[in-house]
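Take a look at the structure set out below.
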Amino acid sequence: MLFKGVPASHGIAIGPAFLLKVEELNHAKKKLTSQEEATAEIKRFQNAISSVRHDLENIADSMGDVVEGKQILEFLLLLLQDPTIKKEVENTILCGMVNAEYSVSTTLREVVKKFEVMDDPYLRERVADVKDVGRRVIEKLTGTENEALNNLTQPVVLVAKDLDPSETAGLKPGQVLAFVTDMGGRTSHTTILARALSIPAVVGLQRITSEINPQDILIVDGIHGRVIVNPTEEELNYYREVRKRFDEAESLLQQMNPGPAVTEDGVRIELAANIELPHEVTLVKKLEADGIGLFRTEFLRLVQKSGENEEDHFEIYKTIVEQMKPKPVIIRTYDMGGDKFRAGLDTVREANPFLGYRAVRIGLDRPAEFSVQLRAILRASVHGNTRIMFPMVTHIEQLKRIRDLLVLVQNDLTVRGIPFDKNMQVGIMVETPATVIALDLMLPYVDFVSIGTNDLTQYTLAVDRGNPKVAHLYDSFHPAVLRQIDTVVRLCHSKGKWVGVCGSMAGNPLAVPLLIGFGVDELSVAPPLIPDVKKMIAVVTTHAARQMAEESLSMETGLRIRALVHSYVIGKYPEILLDENDWETGG
Ligand code: PEP
Ligand code: MG
């Protein structure tokens, strides 16, 4: 079950639900019979206020240097001491001869009403602060403090109608993985606090509290404002990966080294980023990458749950190319099949999925659906520097059909008066030996190519890229792979086409000097790898890179080739590892 709300605090969390009990500002009236009783009630009210003030000050102290948290608590303390509110409560007790709980709830309900009709959304969202203070005072008066939050036995995802700011401030990030609420908006104090505490949160979900049972498993996607209840195994795996990437990216930002990638002898190297999700653009921009060398759009299928929706795709592509402008963004059409998102394909089980129904093979088999994506990309192309790329093209007929389909879509857009970039660059991935060997036949139909070394290695060496039993045979430094890269670069340059590498090899620092030496025009790597790759580029001269690349072509094994690069860089880059096979994952 999927719920959509407001993404309040970025991050991904997965965990069991914990439903928080709801306290309303609604308390029974009790009639007082004497002046003494009224005076005692006022005293009780004043004691409750002092006690709440004490609690709030303690929470503020425990927040260390979370400045926003302290400011919010100070605001609550101010509200608590507001003389008008205080006077109003005391007058209600005295004149109405009613108990303190009732006086607090009626007075604050009036204050809430005033805030609720304010034009300014910021002030409207202060309602939660008033309720927060009221709840705390009433809990003190009735002796019913919400202990549940303090007695959690396992990390949970909090589910509540609304969370009070002071409750949020008291949350322990280790114990509360995330929270989701029916109420709330982008500027509520609860939301601001969640961000300050780095707790992922989705708010404004409207009815989530009535749909969730205790212990349901929740995925909270604070990036897109989604909550998935009792997810499938595929969704879990996907979000575990997204969470890993998000966490890596966050820690990376602490130690980033911005600026362009330049070799030791001052040559500028194009270093772009591979992304799977739109939010990664923020990191890509902070890292000052030279563009997006690979946007794996197939991941959107899972997030959007509506792969055929042109508008969803258009909006995402448009936002990304606008954000990256004037730097280029290569949008790769769906690469489903193989090991990716088989569940969404409704096809029979295949004996060899990597040799089967995959990528453009699916697209060309379902041209209507494929055209939807092409239209969305073409429409986005006027909003920035957009390029389109097709995965797993092995046959020239496929390339011709793709070009025909593109022309059809372009004609349709022209007839409808919808603008698109007529000069948008069109490229293909080089991922199979067939594509390498017959590349001269394909080049007339493309503006560029990008070498997908993950698949090129798999198909060249006949080693399933995901099978641990044969992982020791999977080696992008194998002479058969390196020689193909050399061939592709030479051929492309002889025809005036540019060539990138967007497989994980480009993010492997030991491979970087070789790829530069072969003359690759652009490296595109997973954002978290950008600093390491930049560092490697900075310690290599183009002359040495060319020499190493040349020498590697006559070497016998991948291990020797790695040792060659390793011995060159070890003095300048001591942290480099020789056995880095496992780096070639997930890039
Ligand atoms: C590749 O094959 O190297 C590549 C970049 O594509 P993917 O990893 O998405 O198959
Ligand atoms: Mg591939």
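Quick notes on this one:
- Boolean, Gly507 is among the small types (Gly, Ala, Ser), away from ligand 1 (no atom under 16 Å from the Cβ) and under 16 Å from Val569 (Cβ atoms): no
- Residue match in segment 33-46 (condition: small (Gly, Ala, Ser) and outside any helix (DSSP H, G or I)): yes
- Among the residues listed as Val463, Val488, Val470, the single one being touching a residue at least 12 places away in the same chain (Cβ under 8 Å), away from ligand 2 (no atom under 13 Å from the Cβ) and assigned by TED's automatic domain parsing to the domain that holds Val436: Val488
- For first residues located in segment 314-340 and within 13 Å of ligand 2 (Cβ to nearest atom), partners that are part of a helix (DSSP H, G or I) and charged (D, E, K, R) and lie 6+ apart or on another chain with Cβ distances below 8 Å form the pairs Tyr334/Glu298; Tyr334/Arg301; Asp335/Glu298; Met336/Glu298; Met336/Arg301; Met336/Arg342; Gly337/Arg361; Lys340/Glu298.
- Residues of segment 26-64 that are within 15 Å of Gly170 (Cβ to Cβ) and at pLDDT below 80: Ile59, Ala60, Asp61, Ser62, Met63, Gly64.
- Filtered residues of segment 468-492 (kept if away from ligand 1 (no atom under 15 Å from the Cβ) and either under 19 Å from Gln425 (Cβ atoms) or not in a helix (DSSP H, G or I) (or both)): Val489, Leu491, Cys492
- Selection within segment 273-291 - assigned to a strand (DSSP E or B) and away from ligand 2 (no atom under 16 Å from the Cβ): Ala273
- Any hit, segment 518-533, residues being in contact with a Pro (Cβ under 8 Å, 6 or more places away or on another chain) and surrounded by fewer than 18 Cβ atoms within 10 Å (Cβ to Cβ): no
- Residue ID - modelled with the highest pLDDT, chosen from residues in segment 102-145 that are touching a His at 6+ places or on another chain (Cβ under 7 Å) and of a type outside the set (S, T, N, Q): Tyr102
- Members of segment 236-269 that are surrounded by fewer than 19 Cβ atoms within 10 Å (Cβ to Cβ), at pLDDT 80 or above, at negative phi and more than 12 Å from the chain's Cα centre (by Cα): Leu236, Asn237, Pro260, Val262, Glu264, Asp265, Val267, Arg268
- Residue pairs whose Cβ atoms lie under 8 Å apart, separated by 6 or more positions or on different chains, with the first residue in segment 422-439 and assigned by TED's automatic domain parsing to the domain that holds Val321 and the second polar (S, T, N, Q) and in a loop (DSSP other than H, G, I, E, B), are Thr432/Thr394; Ala434/Thr394; Thr435/Thr394.
- Those residues of segment 493-526 which are assigned to a helix (DSSP H, G or I), more than 28 Å from Val281 (Cβ to Cβ) and in contact (Cβ under 8 Å) with a residue 24 or more places away in the chain, in sequence order: His493, Pro513, Leu514, Gly517, Phe518
- Selected residue (criterion: surrounded by the fewest Cβ atoms within 10 Å (Cβ to Cβ)) from residues of segment 437-467 that are more than 14 Å from ligand 1 (Cβ to nearest atom) and among the small types (Gly, Ala, Ser): Ala462
Residue-wise test of (1) touching a strand residue (DSSP E or B) at 6+ places or on another chain (Cβ under 8 Å); (2) of a type in the set (D, E, K, R).
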| site | (1), (2) |
| --- | --- |
| Gly417 | no, no |
| Met424 | yes, no |
| Ala438 | no, no |
| Asp447 | yes, yes |
| Asp455 | yes, yes |
| Lys469 | no, yes |
| Val512 | yes, no |
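- Yes/no for Phe295 being within 11 Å of ligand 1 (Cβ to nearest atom) and at pLDDT below 90: no
The values are calculated or read from the model by the stated rules, or taken from the named source; none is laboratory data. Since we're looking at a predicted model, the values are computed, not measured. FYI the Cβ positions are ideal-geometry reconstructions off the backbone, even for glycines, and counts take in every protein chain you see.
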